[in-house]
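Novice: I have a structure here, written as structure tokens, and I will follow up with some questions on it.
The values are calculated or read from the model by the stated rules, or taken from the named source; none is laboratory data. Keep in mind it's a predicted model, so treat the numbers as computed, not measured. Backbone-built Cβ (ideal geometry, glycine too); neighbour counts: all protein chains shown. SASA here: full protein model, heavy atoms, side chains in, ligands and nucleic acids out. Shrake-Rupley method; radii C 1.70, N 1.55, O 1.52, S 1.80 Å.
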Amino acid sequence: MSGHDGHHHDHDHSELTETELRVRALETVLTEKGYVDPAALDLLIETYEKKVGPRNGARVVAKAWADPAYRARLLKDATPAIGELGYAGRQGEHIVALENTPKQHNMVVCTLCSCYPWPVLGLPPVWYKSAPYRSRAVADPRGVLADFGVTLPKDTDIRVWDSTAEIRYLVVPVRPAGTDGWSEDKLADLVTRDSMIGTGLAKQPKDIAK
Amino acid sequence: MNGAQDLGGTHGHGPVEPERNEPVFHAEWEKRAFALTLAMGMPGGWNIDMGRFTRENRPPGEYLAMSYYQIWFAALEQMSKERGLVADEEIDAGHSLHPPKPVKQTLSPGDVAKALYRGGPTERETNTAAKFKTGDKVRAKNINPLTHTRLPRYVRGHAGVIERVIGCHVFPDSNALGAGENPQWLYTVRFEACELWGADADPSVKVSVDAWEPYLEQA
């Protein structure tokens, strides 16, 4: 890390403790100066730990599966369609929905940092931000899918979307067979986070049978 | 900049290792570093592109050895110091030692939900016409700026097709330097894997990037 930890390595405490202390120190200084309010920090954390997560995206996908008019609106202009369900804002200002089909599988990456559609998926998992995923998703997507235990037919085209600007991508996975007439709530249980990034597929009915 | 952040197509990083039932944060300090970064955007007065440039602008060995939130936190410290909002001796002491610098705005608890819901849209009005249209053949320019850019190395010099004219958006290369938003037309550009990676690449794979007009030339 720049500047501050090189001379501490021979001490007893771990790197993590160093970081913890440093974060605490900066928070205290910024709070004492009146730049941040710890209650606002708590709310930010609570929002992304408890309220905003992949369940939001699952509701969007389930609605698209169940409601053809909604699906059409979502694929035409996803931001307002997603806004209909109350999901909008930071890191989801301009969303595009990508529909997977037996002919084309879509997969999303941000090779340059960690761009991810927060309002519908929450904060990205560690692997999404990691060098292995960011380096290989664009050059060897089938290899990456294999890391997730996913094998697609050879004749399924793969389309990788590198989120290099402020457009955020949400994959609509293929609806599993045997789900005709299911409610949106029940359909949403089939929609995994990874299926909306394109590194996974939706669950099958047997996967959620109790 | 051609830094370690520009990872597309690089080798040797090993397999992707998803974590089962991964928590949103892995340590208390990650939560605080995350929230501090979001909350300091207002008083700090920096924009998202300045933030990204500060994160990536470090020696590649360091970048790759640091965790994601360590990088975020290092950038937050650096931007706060550069703008005179905090001093090294204050972080060492763990207390404010100097009077605060006046700032335009801070984030109050009552504004959190509103601010997140509003976000920071980057589309801008324009009276210029887009140079390219859907279906046009284009080539990503071979540019190697020392400063922030969002044109990854793996597409530079390669030919693709305009798939979508997205709109006119804030241009990160300018915005990161504090040189203004300088909005430019933005396009989704699609490349064949074989164009990017050579004849041995998987012919069933296509890759797209979102590229601003200054990154592109007619092919």
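Novice: Quick one: with all protein chains in place, what share of the accessible area of the stretch A:55-208 is carbon or sulfur, to the nearest percent (1.4 Å probe)?
Specialist: Working: 2800 of 5410 Å².
Of the solvent-accessible surface of the stretch A:55-208, carbon and sulfur hold 52 percent.
Novice: Continuing with the same structure: Evaluate E = 1/(1 + (r/R0)^6) for residue B:179 and residue A:21, where r is the Cβ-Cβ distance and R0 equals 35 Å; express this FRET efficiency to the nearest 0.05. Walk me through the intermediate numbers first.
Specialist: Numbers: r = 37 Å, r/R0 = 1.05.
For R0 = 35 Å, the calculated efficiency reads 0.45.
Novice: So, one more: Excluding residue B:176 itself, what net charge comes from residues whose Cβ is under 14 Å from its Cβ, given Lys and Arg +1 and Asp and Glu -1?
Specialist: Details: positive: B:52, B:55, B:150; negative: A:166, B:49, B:56, B:82, B:173, B:181.
That sum, taken over residues with Cβ under 14 Å, equals -3.
Novice: Can you tell me the accessible area per residue over the stretch B:91-219, all protein chains present, probe 1.4 angstrom, in square angstrom?
Specialist: On the way: 6610 Å² over 129 residues.
I get 51 Å² per residue for this part.
Novice: Evaluate peptide B:109-119: per residue, the Cβ atoms of other protein chains within 10 Å of its Cβ; return the mean as an integer. List each step's numbers first, then the result.
Specialist: On the way: counts 8, 4, 3, 9, 5, 1, 4, 13, 7, 4, 10.
Per residue, the number of nearby Cβ atoms from other chains is 6 on average.
Novice: State which stretch of chain B is the longest one without any exposed trypsin sites (Lys or Arg not before Pro), exposure meaning a DSSP loop state and at most 12 other Cβ atoms within 10 Å.
Specialist: Details: sites that count: B:20, B:104, B:133.
After excluding every exposed loop site, the longest remaining stretch is B:134-219.
Novice: Which of B:63, B:117, B:154 ends up with the largest GNM mean-square fluctuation for chain B, with Cα atoms connected below 10 Å?
Specialist: Highest fluctuation of the listed residues: B:117.
Novice: What average count of beta carbons from other chains do you get within 10 Å of the Cβ of residues in A:166-173?
Specialist: Partner-chain Cβ atoms within 10 Å, mean over residues of A:166-173: 3.
Novice: Below 8 Å, C-alpha to C-alpha, sequence gap of six or more: please give me the relative contact order for the stretch B:28-118 in percent. Numbers along the way, then the final one.
Specialist: Details: 51 pairs, mean separation 34.4, N = 91.
Computed value for the stretch B:28-118: 38 percent relative contact order.
Novice: Report the accessible area of residue A:126, computed with a 1.4 Å probe over the heavy atoms of all protein chains in place, in Å² rounded to the nearest 10.
Specialist: About 70 Å², rounded to the nearest 10.
Novice: Rounded, prolate or oblate for the stretch A:109-191? Axes are the square roots of the Cα gyration tensor eigenvalues, ordered a ≥ b ≥ c, and the cut-off for rounded is a/c under 1.5.
Specialist: Numbers: a/c = 2.19, a/b = 1.36, b/c = 1.60.
Oblate is the answer for the stretch A:109-191, as a/c is 1.5 or above yet b/c matches or exceeds a/b.
Novice: So, in Å, what gap is there between the alpha-carbon centers of the stretch B:173-219 and the stretch A:59-131?
Specialist: 21
Novice: Just in the stretch A:145-205: which trypsin sites (Lys or Arg not before Pro) are loop by DSSP and have at most 14 other Cβ atoms within 10 Å? Present the calculation step by step, with values, prior to reporting the outcome.
Specialist: Numbers: sites: A:154, A:159, A:168, A:186, A:193, A:203; in loops: A:154, A:203.
Passing both the DSSP loop test and the Cβ count: A:154.
Novice: What's the Cα-based Rg to Rh of the stretch B:87-126, Rh via Kirkwood? Before the final figure, lay out the partial values.
Specialist: Details: Rg = 16.6 Å, Rh = 13.8 Å.
Rg/Rh: 1.21.
Novice: Given springs between every Cα pair under 10 Å in a Gaussian network model of chain B, which of B:202, B:111, B:92 has the largest fluctuation?
Specialist: Checking each option, the largest mean-square fluctuation is seen for B:92.
Novice: Continuing with the same structure: Relative contact order of the stretch A:46-94, please, whole-number percent, based on alpha carbon pairs below 8 angstrom and at least 6 residues apart.
Specialist: Values: 21 pairs, mean separation 11.6, N = 49.
It comes to 24 percent, rounded to a whole number.
Novice: What average number of partner chain Cβ atoms lie no more than 10 Å from the Cβ of the residues making up B:12-22?
Specialist: Details: counts 3, 7, 6, 8, 17, 6, 13, 3, 0, 0, 4.
If you average over the peptide's residues, the count of other-chain Cβ atoms is 6.
Novice: Where does the charge balance sit around residue B:186 when Lys and Arg score +1, Asp and Glu -1, over other residues with C-beta under 11 Å from its C-beta?
Specialist: Net charge in that neighbourhood comes out at -1.
Novice: Continuing with the same structure: Pull out the extension gain between residue A:85 and residue A:49, defined as 0.36 nm times the separation in residues minus the alpha carbon to alpha carbon distance; nm, one decimal.
Specialist: Gain in length upon complete extension: 11.0 nm.
Novice: I've got another one for you. Which of the three applies to the stretch A:55-208, rounded, prolate or oblate, going by the alpha-carbon gyration tensor with a ≥ b ≥ c and a/c under 1.5 meaning rounded? Can you show the working numbers first?
Specialist: On the way: a/c = 1.71, a/b = 1.15, b/c = 1.48.
Judged from the Cα gyration tensor, the stretch A:55-208 comes out oblate (a/c at least 1.5, b/c at or above a/b).
Novice: State, to one decimal in nm, how far the label point of residue A:69 lies from the label point of residue B:92, with both points 7 Å from Cα in the Cβ direction.
Specialist: Between residue A:69 and residue B:92, the simple spin-label model gives 6.7 nm.
Novice: Here is a follow-up. Find the centroid of the Cα atoms in the stretch B:37-108 and in the stretch B:1-16, then give the distance between the two in whole Å.
Specialist: The distance from the Cα centre of the stretch B:37-108 to that of the stretch B:1-16 comes to 25 Å.
Novice: Below 8 Å between Cα atoms, with a sequence gap of 6+, how large is the relative contact order for chain B in percent? Before the final figure, lay out the partial values.
Specialist: On the way: 292 pairs, mean separation 43.6, N = 219.
Relative contact order comes out at 20 percent.
Novice: Moving to a separate point now. Please build a GNM for chain A, connecting alpha carbons under 10 Å apart, and tell me which residue among A:111, A:156, A:199 fluctuates the most.
Specialist: Looking only at A:111, A:156, A:199, the largest GNM fluctuation is found for A:156.
Novice: Continuing with the same structure: List every residue whose amide H lies under 5 Å from the amide H of residue B:208, counting only residues 5 or more places away in sequence or on a different chain, with H placed 1.01 Å from N in the peptide plane.
Specialist: So residue B:208 has HN proximity to A:160, A:161, A:162, B:191.
Novice: Counting Lys +1, Arg +1, Asp -1, Glu -1, what net charge surrounds residue A:127 among other residues with beta carbon under 12 Å of its beta carbon?
Specialist: Numbers: positive: A:129, A:134, A:136, A:193, B:20; negative: A:147, A:194, B:17, B:19, B:22.
Summing Lys/Arg as +1 and Asp/Glu as -1 gives 0.
Novice: Let me ask you something else. Compare the Cα positions of B:35, B:110, B:80 along the charge dipole of the stretch B:28-118 (+1 at Cβ of Lys, Arg; -1 at Cβ of Asp, Glu; about the Cα centre) and return the one farthest towards the positive end.
Specialist: The Cα lying farthest towards the positive end belongs to B:110.
Novice: With the Cα gyration tensor of the protein assembly as shown in hand, convert its eigenvalues to equivalent ellipsoid semi-axes via √(5λ) and list them largest first in whole Å. Walk me through the numbers before you get to the answer.
Specialist: Values: eigenvalues 243, 133, 99 Å².
Whole-Å semi-axes of the equivalent ellipsoid: 35, 26, 22.
Novice: In addition: Enter the buried accessible area of the A/B pair, total of both sides, probe 1.4 Å, in Å² rounded to the nearest 100. All intermediate terms of the calculation are to be shown ahead of the outcome.
Specialist: Values: alone 12320 and 13830 Å², together 18750 Å².
Counting both chains, the buried surface is close to 7400 Å².
Novice: The stretch B:62-151: which GluC sites (Glu not before Pro) are DSSP loop and have at most 12 other beta-carbon atoms within 10 angstrom? List each step's numbers first, then the result.
Specialist: Values: sites: B:62, B:77, B:82, B:89, B:90, B:123, B:125; in loops: B:125.
Qualifying residues, ordered by number: B:125.
Novice: Right, next: Kindly sort B:143, B:48 by accessible area of their heavy atoms, largest first, with the probe set to 1.4 Å. Before the final figure, lay out each step's value.
Specialist: Values: B:143 45, B:48 75 Å².
I get B:48, B:143, largest accessible area first.
Novice: Out of the DSSP beta bridges found with both residues in the protein assembly as shown, what percent are antiparallel (nearest 5)? Kindly include the intermediate steps, with their values, before the conclusion.
Specialist: Numbers: 21 of 38 bridges.
Bridges in the protein assembly as shown that DSSP calls antiparallel: roughly 55 percent.
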